[in-house]
Amino acid sequence: MARSALVTGATGQDGSYLMELLLKKGYEVYGLVRRLSVPNIGNIQHILEDVTLLDGDLIDQSSLNAAVRESHPDEIYSLAAQSFVATSFVQPVLTGEITGLGVVRLLEALRAYAPEARFYQASSSEMFGRVDREPQDETTPFHPRSPYGVAKVYAYWACVNYREAHGLSISNGILFNHESARRGLEFLTRKVSQGVARIHAGLAKTISLGNLDAKRDWGYAPEFVDLMWRILQHKEPDDFVGATGEAHSVREFVAEAFRLVGISNWEKHVTIDEKNIRPSEVYNLRGDASKAKRVLGWEPKTRFKDLVRIMVEAEIGSLEDTRPAKGVPSG
Ligand code: NAP
Ligand code: GDD
């Protein structure tokens, strides 16, 4: 019989890649989606016929109970979150409700209705925050710098506690930034790759950014969902860092994206706006994923320049797709 998996955050970047991966592996795939006035299914349009979507919201316990009961999951992937750090400063209570307490609601559903299932929690390198060592690994202390980071630390420890207190099979993936053309438009890499493509096409002149000196360990999302799956195949529940091991600044990302379209004087096209600067910043993240390599055989292949190229090319391609064909009147 096919194994069954329940994925929360199904419409997001990671949820969409993970559901594709699980389908390829022969799983029966259930995705939790919340009701929106206009459905947000762009990332999963192509697999809609192959998965079962279940209505639910991390704020609503009964909908999570029902989703777990209905999907009879062998594996649960807890990916849903208010995941944008900047928003967490203006919506800290909502972020705590969804990104923190929402995970505990899902753990309660696990405990009551699928205690044999393996559970993956999407923990984050944001938890390391103000780091006191480099690179960061599973033993690095947490010092979150945003309401989002604080909520993720709460969810992380809730997962550890449910594992220890109730003997449930719960694992954390502490993943560093991973990106793709399916990233939300407000995240740095997508904002830059889309902005550069629009400038290249003559549709815009500038991109408005914030702190150019922050450094991130940016990887490619499809490789990181493979790590999530591997973590749940490991017999013993455990916590693993996922990262490329390389850090680059926002400035480097911007310069490389502009270089790819032949623009060297990129400073002319970037403005710095106070509204993009966070009240407290995470300045430097670089991960050490040697445990994931040693125990799970996982190693990311896509390096920084490949990632920037993939994202810029995807934006240029999608702009070309939306342009009217020659001779066809627009409007
Ligand atoms: P994402 O694209 O922002 O997706 C978030 C998902 O959560 C969306 O499907 C969203 O649904 C759903 N969601 C939000 N609020 C919800 C609620 N109240 N009830 C049910 N669903 C809700 O995030 P991602 O990049 O795929 O990341 C997946 C997970 O990994 C998140 O937990 C994120 O915090 C974590 N993480 C991400 C990274 C990264 O670099 N991408 C790194 C470390 C950890 P809608 O479509 O309806 O908004
Ligand atoms: N979004 C954004 N917009 N970020 C900017 C901008 C801007 O205009 N200008 C500079 N930055 C800087 C941010 O201050 C941050 O230091 C860096 O670019 C990356 O920002 P984001 O892409 O928004 O991602 P993040 O690192 O804050 O958070 C992402 O990674 C976490 C893992 O470390 C999210 O995916 C989180 O959900 C995830 O947990």
For the chain, what is the calculated [θ] at 222 nm in deg cm²/dmol (nearest 500), taking -39500 (n - 2.57) for each run of four or more DSSP H residues and dividing by its residue count? -12000 deg cm²/dmol
Given H placed on each backbone N at 1.01 Å, which residues far from GLY242 in sequence or on other chains put an amide H within less than 5 Å of it? ILE174, LEU175, PHE176
By the mean-Cβ-within-10 Å protection proxy, highest first, 46-57, 64-75, 237-248 rank as 237-248, 64-75, 46-57
Would you list which lysines come within 27 Å of LYS275, measuring only between C-alpha atoms, while excluding same-chain residues fewer than 8 positions from it? LYS152, LYS191, LYS205, LYS215
Quick one: length gained pulling ARG278 to ARG3 fully straight, 0.36 nm per residue minus the C-alpha distance? 94.7 nm
Considering only GLN91, LEU175, SER208, whose Cα is most displaced toward the positive end of the charge dipole of the chain, charges sitting on Cβ of Lys, Arg (+1) and Asp, Glu (-1)? SER208
For GLU134 and SER249 in one chain, what is 0.36 nm times their gap in residues minus the Cα-Cα distance, to one decimal in nm? 39.9 nm
Binned at 10 Å from zero, the C-alpha pair distances of the range 191-297 give percents of 13, 34, 27, 18, 7, 0
Pick out which of TYR77, TYR220, TYR113 has the largest mean-square fluctuation in a Gaussian network model of the chain, springs linking Cα atoms closer than 10 Å. TYR113
Surface share of carbon and sulfur [accessible, 1.4 angstrom probe, percent] for the chain: 50
HN-Hα couplings for the range 258-267 via Karplus (6.51, -1.76, 1.60; θ = phi - 60°), in whole Hz with x for Gly/Pro, come out as 5, 4, 5, 9, x, 10, 9, 8, 5, 4
Rank ARG198, ARG105, ARG294 by mean-square fluctuation in a GNM of the chain with C-alpha springs under 10 angstrom and give only the top-ranked residue. ARG294
How big, on average over all directions, is the shadow cast by the Cα convex hull of the range 113-253, in nm²? 10.1
Let me cross-check LYS268: its accessible surface, 1.4 Å probe, with only protein heavy atoms counted, in Å² to the nearest 10? 150
Taking the chain as a Gaussian network, where each spring joins two C-alpha atoms under 10 Å apart, which residue of GLN61, GLN136, GLN121 fluctuates the most? GLN61
Electrostatic dipole magnitude of the chain [Cβ: Lys, Arg +1; Asp, Glu -1; Cα centre; debye, to 20]: 640
The range 20-174: projected area of the alpha-carbon convex hull, averaged over directions, in nm²: 10.1
Please turn the phi angles of the range 73-84 into ³J(HN,Hα) values with the Karplus equation 6.51 cos²θ - 1.76 cosθ + 1.60 (θ = phi - 60°), one per residue in order, whole Hz, x for glycine and proline. x, 7, 9, 10, 10, 8, 10, 5, 5, 7, 9, 9
Can you list, largest first and rounded to whole Å, the semi-axes you get for the chain by taking the square root of 5 times each eigenvalue of its Cα gyration tensor? 33, 24, 19
Between GLU320 and LEU94, the two model label points (7 Å from Cα along the beta-carbon direction) sit apart by a distance in nm of 3.8
Alpha-carbon centroid distance for the pair the range 39-60 / the range 241-262, whole angstrom: 31
With the other protein chains left in place, how much accessible area per residue, in square angstrom, belongs to the chain at a 1.4 angstrom probe? 46
Chain lengthening between ALA66 and ALA201 when straightened (0.36 nm per residue, less Cα-Cα): 43.8 nm
Over the range 126-187, one equal point on each Cα, no solvent: what is log10 I(q)/I(0) by the Debye formula at q = 0.22, 0.24 Å⁻¹? -1.00, -1.07
Just want the answer: with Cβ charges of +1 for Lys and Arg and -1 for Asp and Glu, which residue in PRO279, LEU185, THR322 is farthest toward the dipole's positive end in the chain? THR322
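The values are calculated or read from the model by the stated rules, or taken from the named source; none is laboratory data. Remember, predicted model here, so these are calculated numbers, not experimental data. Note that we place each Cβ from the backbone using ideal geometry, even for glycine, and neighbour counts take in every protein chain shown. Heads up: the accessible areas ignore ligands, DNA and RNA and are worked out on the full protein's heavy atoms, side chains in. Shrake-Rupley method; radii C 1.70, N 1.55, O 1.52, S 1.80 Å.
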